[in-house]
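The values are calculated or read from the model by the stated rules, or taken from the named source; none is laboratory data. Computed from a predicted structure; not experimentally measured. Cβ atoms come from the backbone with ideal geometry, glycine included; neighbour counts cover every protein chain shown. Heavy atoms of the whole protein, side chains included, go into the accessibility calculation; ligands, DNA and RNA do not. Shrake-Rupley method; radii C 1.70, N 1.55, O 1.52, S 1.80 Å.
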Amino acid sequence: MQLKASDTKKFHNGQEIPLVGLGVWKMENEREAVDAIQVAVDAGYRAIDTAKVYENEDFVGRAIRETGIPRADLTITSKLWNADHGYDETLRAFDTSLKKLQLDYLDLYLIHWPVSSYKDSWRAMERLYSEGLIKSIGVSNFHQHHLENLFTTANEKPVIDQIEMHPLLSQKPLRAYLESQDIVHEAWSPLAKGGELLNNPVLTAIAETKGLTVAQVILRWHLNNGSVIIPKSVTPERIRSNFDVFHFDLSDGDMEKIDALNADKRTGSDPDSEAFLARTWN
């Protein structure tokens, strides 16, 4: 599959998103976050993914201003947190995020998790979208049944569903459904949490044969599956390496070996689990 670093994925509303972005989850130190984003931009990244709950939107805003990259050339994503669901609450939460980022608009705003009254939240997001304050609206961690429920009242269809996806959790049924609905799938935690995959013998063998890192092999697997990816790192070498995934490809045999690692194993939360549903949010 021939891909270039400048390639994007087009949404059904005509907007686009770069194939590789920088995730900034757990970047809680301002200097660390600003430096990581600068390294990423210098390496070629043009998408940054944050969220209210990450508590670093103000750091991201500062980094954006310091990069020297024209705002129109960047794709900035943030997300509505679970405690802020509801029509009026969503409008207030979005306004707060925009002010922290010190931006005039967001390229992409997502419902972070399908909890509480997400239909009311979606109506508010549709309003913000119609007013031009958000270029595109989408969801995160939505299963098929959540989307089908949303469709019963939505006037706008989400452009993207940001889901946990990696070789241990390939999400083939959900990806097939999203593709049937012309909704882009974006992988959060594309390398899986905990580092288990980075020592996997199958992945290690493929990486050694090609002179690559295991992370590069996994990220290319994602791209060949049509995913948008947002790997997170604060280490300059890894930030650059995670973007350097366009100079090689994986064979059909490589893809099949990696596909076979699927165990439907989550390293994050499942929004349908009893433990998740029993939680309270603040």
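Out of all DSSP beta bridges in the chain, what portion is antiparallel? Express it as a percent rounded to 5.
Details: 4 of 28 bridges.
Percent antiparallel among DSSP bridges in the chain is about 15.
Would you mind telling me the share, in percent, of accessible area of segment 131-282 contributed by carbon and sulfur at probe 1.4 angstrom?
Numbers: 3190 of 6730 Å².
Here carbon and sulfur together make up 47 percent of the probe-accessible area.
Once both labels are modelled 7 Å past Cα along the beta-carbon direction, what's the residue 58-residue 117 spacing in nm?
3.0
Tell me which label goes with the value of Rg/Rh (Cα atoms, Kirkwood Rh) computed from the coordinates here: (i) 1.02; (ii) 0.95; (iii) 0.97.
(ii)
Highest mean first, what order results for 201-210, 239-248 on Cβ atoms within 10 Å? Before the final figure, lay out the partial values.
Details: 201-210: 15.4, 239-248: 18.9.
Ranking the peptides 201-210, 239-248 by packing returns 239-248, 201-210.
What list of whole percents do you get for P(r) of segment 54-211, with Cα-Cα distances grouped in 10 Å bins up to the one holding the largest distance?
10, 34, 31, 19, 6, 0
If the chain between residue 256 and residue 145 were fully stretched, how many nm would it gain, using 0.36 nm times the residue separation less the Cα-Cα distance? Can you show the working numbers first?
On the way: separation 111, 0.36 × 111 = 39.96 nm, distance 2.86 nm.
Fully extending the segment from residue 256 to residue 145 adds 37.1 nm.
For residue 6 and residue 32, what is the calculated FRET efficiency with R₀ set at 35 Å and r taken between the beta-carbons, to the nearest 0.05?
Details: r = 28 Å, r/R0 = 0.79.
Using R0 = 35 Å, I get an efficiency of 0.80.
Using the Cα atoms as the points, what is the convex hull volume per residue of segment 154-270 in Å³?
Working: hull volume 14.4 nm³, N = 117.
Cα-based convex hull of segment 154-270, divided per residue, equals 123 Å³.
Please get the size of the charge dipole for the chain, origin at its Cα centre, with Cβ charges of +1 on Lys and Arg and -1 on Asp and Glu, quoted in debye to the nearest 20. Show your work: numbers first, answer last.
Details: 31 positive and 42 negative charges, 40 e Å.
Using only the charged Cβ atoms, the result is roughly 200 debye.
Would you mind checking the pairs 119/257; 4/193; 100/172; 119/172; 26/265 and listing those with alpha carbons more than 31 angstrom apart? List each step's numbers first, then the result.
Details: 119/257 40 Å; 4/193 27 Å; 100/172 36 Å; 119/172 26 Å; 26/265 22 Å.
Exceeds cut-off: 119/257; 100/172.
Calculate what fraction, in whole %, of the accessible area of segment 1-114 sits on carbon and sulfur atoms when a 1.4 Å probe is rolled over the protein chains.
Working: 2150 of 4930 Å².
For segment 1-114, the apolar C and S fraction of the accessible surface comes to 44 percent.
Given an 8 Å cut-off on Cα distances and at least 6 residues of separation, report the relative contact order of the chain as a percent. Kindly include the intermediate steps, with their values, before the conclusion.
Values: 491 pairs, mean separation 56.0, N = 282.
The value is 20 percent.
Evaluate the relative contact order of segment 1-104 (contact order divided by residue number), counting alpha-carbon pairs under 8 angstrom at least 6 apart; express in whole percent. Before the final figure, lay out the partial values.
Details: 124 pairs, mean separation 24.9, N = 104.
The value is 24 percent.
Which whole-Hz ³J(HN,Hα) couplings does segment 267-282 yield from phi under the Karplus relation 6.51 cos²θ - 1.76 cosθ + 1.60, θ = phi - 60°, glycine and proline marked x?
Each residue of segment 267-282 in turn: 10, x, 7, 9, x, 9, 6, 4, 5, 5, 5, 7, 6, 10, 10, 9 Hz.
Angle between the Cα long axis of helix 57-67 and the longest principal axis of the chain, 0 to 90 degrees, nearest 10?
60
Given a 1.4 Å probe, how much area per residue of the chain is accessible, in Å²?
On the way: 12340 Å² over 282 residues.
Value for the chain: 44 Å² per residue.
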